[in-house]
Amino acid sequence: GENVEQHPSTLSVQEGDSAVIKCTYSDSASNYFPWYKQELGKRPQLIIDIRSNVGEKKDQRIAVTLNKTAKHFSLHITETQPEDSAVYFCAASRIKAAGNKLTFGGGTRVLVKP
Amino acid sequence: SQTIHQWPATLVQPVGSPLSLECTVEGTSNPNLYWYRQAAGRGLQLLFYSVGIGQISSEVPQNLSASRPQDRQFILSSKKLLLSDSGFYLCAWNGQGKGPQHFGDGTRLSIL
């Protein structure tokens, strides 16, 4: 089955700097890659996703890049703000596969220091 | 718009007691439904998923079971809870396997 590795496990950045989180996946058939943000004690919330027919996607300060050949994808947060502090999870799945199951990375705890 | 409800929000149960957590989705038909468990400070582990009424797939052998008695209702159960069942239980849905999964607010389960 699919295996998703996520790095780093913790990331501390100064407010205004950029943060980058990287994930690698093992199943070359995976074609859908969402990112979730989870604040302490809350549910994970989708912040951005990308499909395998696209190499990059942006939404304001957040961008995701995908390298299908190398089987890795990354989340980029620019101009970080204290409210970006949270745990971020990447995930991978095969759309239209049975159950459309997501395999999650282990998470990255991001701390934005004012 | 679609919404997902989970209850209760928190639960404290003794070891050996039964469990029933409920999840319902509104505003959509025939969703895929999922149960995850998250241990403190850890990632998300998929426990069960369902693509339709009465159809349950188990991902990890464990002390839990799931049922889907109605199209938009998903129930997580146990006959006898273990200490290791403690965690944050999250229900999620997506539209017939398409698009992102959306999570409920979760149930924080503590076993004493």
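Annotations for the structure displayed:
- Taking the conditions (1) within 27 Å of B:ALA40 (Cβ to Cβ); (2) of a type in the set (A, V, I, L, M, F, W, C); (3) in contact with a Gly (Cβ under 7 Å, 6 or more places away or on another chain) in turn, A:LEU102 satisfies each one other than (3).
- Among residues of segment A:76-98, those that are at the interface with another protein chain (Cβ under 7 Å from one of its Cβ atoms) and buried (at least 20 other Cβ atoms within 10 Å of the Cβ), counted: 1
- Yes/no for B:SER17 being in contact (Cβ under 8 Å) with a residue 12 or more places away in the chain, among the polar types (S, T, N, Q) and surrounded by fewer than 18 Cβ atoms within 10 Å (Cβ to Cβ): yes
- Test: residue in segment A:59-82 that is of a type in the set (Lys, Arg), touching an Asp or Glu at 6+ places or on another chain (Cβ under 8 Å) and at pLDDT below 95: no
- Where A:ARG109 falls short, out of the listed (1) more than 9 Å from every other protein chain (Cβ to nearest Cβ); (2) among the charged types (D, E, K, R); (3) touching a residue at least 40 places away in the same chain (Cβ under 8 Å); (4) closer than 28 Å to B:LEU33 by Cα: (1)
- Counting only residues that are buried (at least 16 other Cβ atoms within 10 Å of the Cβ), of a type in the set (Gly, Ala, Ser) and under 18 Å from B:ILE4 (Cα atoms), segment B:28-66 holds 2 of them.
- Residue within segment A:20-35 that is exposed (fewer than 13 other Cβ atoms within 10 Å of the Cβ), within 11 Å of another protein chain (Cβ to nearest Cβ) and not aromatic (Phe, Trp, Tyr) present: no
- Positions within segment B:52-79 being assigned to a loop (DSSP other than H, G, I, E, B) and among the hydrophobic types (A, V, I, L, M, F, W, C), in sequence order: B:ILE53, B:VAL60, B:LEU64
- Test result for A:ARG109, surrounded by 12 or more Cβ atoms within 10 Å (Cβ to Cβ), touching a strand residue (DSSP E or B) at 6+ places or on another chain (Cβ under 6 Å) and in a strand (DSSP E or B): yes
- Segment B:51-83: number of residues that are of a type in the set (Ser, Thr, Tyr) and modelled with pLDDT of 95 or more: 4
- A single entry from A:PRO114, A:PRO82, A:PRO8 fulfils the requirement of being farther than 23 Å from B:LEU33 by Cβ and touching a helix residue (DSSP H, G or I) at 6+ places or on another chain (Cβ under 6 Å): A:PRO114.
- Scope segment B:31-51; condition part of a strand (DSSP E or B) and over 10 Å from the mean Cα position of the chain (by Cα); matching residues: B:ASN32, B:GLN38, B:LEU44, B:GLN45, B:SER50, B:VAL51
- Within segment A:1-19, the set of residues being surrounded by 12 or more Cβ atoms within 10 Å (Cβ to Cβ) and part of a strand (DSSP E or B) comprises A:VAL4, A:GLU5, A:GLN6, A:HIS7, A:LEU11, A:SER12, A:VAL13, A:ALA19.
- Filtered by the rule that a residue be touching a residue at least 40 places away in the same chain (Cβ under 8 Å), closer than 24 Å to A:GLU15 by Cα and not in a strand (DSSP E or B), segment A:46-84 gives A:THR78, A:GLU79, A:THR80, A:GLN81, A:PRO82, A:ASP84.
- Only one of the numbered conditions (1) closer than 30 Å to B:THR3 by Cβ; (2) surrounded by 15 or more Cβ atoms within 10 Å (Cβ to Cβ); (3) more than 11 Å from chain B (Cβ to nearest Cβ) is violated by A:HIS72, and that is (1).
The values are calculated or read from the model by the stated rules, or taken from the named source; none is laboratory data. All values reported here derive from a predicted model rather than from experimental measurement. FYI the Cβ positions are ideal-geometry reconstructions off the backbone, even for glycines, and counts take in every protein chain you see.
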